[in-house]
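The structure appears below as structure tokens.
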Amino acid sequence: MTNEIIIAGFGGQGIISAGMIIAQAGMSEGRYVTFFPSYGAEMRGGTANCSVVVSDEEVASPVVDRPDTLMVMNEPSLIRFEPRVKENGILFFNQTLIKSRPKRKDIKIYPVEANLIAEELGSGRIANMVMLGAFAAVTKTVDLDSLKAAQRVIFKKADEKMHRLNDQALERGYKLING
């Protein structure tokens, strides 16, 4: 099993940390992983994306040109990356912020009300966690429990209240798919 993933959005949406969490979860499950961040010089509000590869075999390159899975958090990222998803690939999009709809008919598309759910839970900053929960439910690339443990490693300076909030967001995203 190899899943080549691109996560994309604006700086400040937790794009890079979402990729780090997937990579950490994959490592904790004994998989080979690569993580490759990319973001504009303007940081918050600028473009941000990252490539993550999780595999049962050694990974030759961290660069993902044609992802198996794409998670987009904003409209410009949908426009930029949708054409690159492999045929029969998977696209998750943040339906709260993206008003247009994906156009591809040869991929599986999952709309996720990431920001809406995050706000319901009390913080718009955890929309990336909602998206990661849906990702885990659909792709089975990493387990939900591994994501919960990984966010504690990546956000080691956060307090327990924030960790619990992240866990709730992961669970809500997961339940969108596995009701």
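Just so you know, all these numbers are worked out from the coordinates, no wet-lab data involved. Bear in mind the structure is a predicted one, so any value in this text is a computation, not a measurement. Here the Cβ is made from the backbone with ideal geometry for all residues, glycine too, and neighbour counts use every protein chain on show.
Can you list residues whose amide H is under 5 Å from TYR110's amide H, if they're 5+ apart or on another chain and H is modeled 1.01 Å from N?
LEU91, PHE92, PHE93
Taking the Cα centroid of region 130-145 and of region 76-128, what is the distance between the two, rounded to the nearest whole Å?
When both Cα centres are located, 14 Å separates them.
Under a point spin-label approximation (7 Å from Cα along Cα-to-Cβ), what is the GLU87-ASP65 distance to one decimal in nm?
1.7 nm
Please sort 101-107, 126-132, 164-170 by packing, taking for each peptide the average over its residues of neighbouring beta carbons within 10 angstrom, highest first. Intermediate values should be presented prior to the final figure.
Working: 101-107: 12.3, 126-132: 29.9, 164-170: 21.9.
Answer by packing, highest mean first, reads 126-132, 164-170, 101-107.
Using Cα positions and a limit of under 17 Å, work out the aspartates and glutamates in reach of LYS156, with same-chain residues fewer than 8 apart set aside.
Output for LYS156: ASP145, ASP167.
So if the hydrodynamic radius of region 10-112 is defined as the Kirkwood radius over C-alpha pairs, what does Stokes-Einstein give as its diffusion coefficient at 20 °C and 1.002 mPa s, in µm² per second?
On the way: Rh = 14.3 Å.
In µm²/s, the coefficient is 150.
If the elastic network links every pair of Cα atoms under 10 Å, which of ILE117, ILE79, ILE16 fluctuates the most in the Gaussian network model of the chain?
Evaluated over the chain, the most mobile residue of the options is ILE79.
May I have the pair-distance distribution P(r) for region 125-179, computed from all Cα-Cα distances with 5 Å bins from 0 and rounded to whole percent?
5, 24, 34, 23, 11, 4, 0
Return the subset of LYS86/LYS140; LYS108/LYS140; LYS99/LYS148 for which the Cα-Cα distance in this structure is over 20 Å, preserving the input order. Working shown, then result.
On the way: LYS86/LYS140 18 Å; LYS108/LYS140 15 Å; LYS99/LYS148 30 Å.
Going by Cα-Cα distance, LYS99/LYS148 fall outside the 20 Å limit.
Calculate the tail of P(r) for region 84-133: the fraction of all Cα-Cα distances greater than 16 Å, expressed in %. Please report the intermediate quantities before stating the final value.
Numbers: 524 of 1225 pairs.
The proportion of pairs with Cα distances above 16 Å equals 43 percent.
How do the peptides 25-36, 65-76 rank, highest first, by the average count of neighbouring beta carbon atoms within 10 Å per residue? Let's see the in-between values first.
Details: 25-36: 18.3, 65-76: 21.1.
Output ranking for 25-36, 65-76: 65-76, 25-36.
Take the Cα gyration tensor of region 43-99, multiply each eigenvalue by 5, square-root it, and list the three semi-axes largest first, rounded to whole angstrom. Walk me through the intermediate numbers first.
Working: eigenvalues 100, 40, 18 Å².
Its equivalent ellipsoid spans semi-axes of 22, 14, 9 Å.
Compute and list, largest first, the equivalent-ellipsoid semi-axes of region 43-179 from the alpha carbon gyration tensor, each √(5λ) rounded to a whole angstrom. Please report the intermediate quantities before stating the final value.
On the way: eigenvalues 108, 69, 44 Å².
Three semi-axes, in Å: 23, 19, 15.
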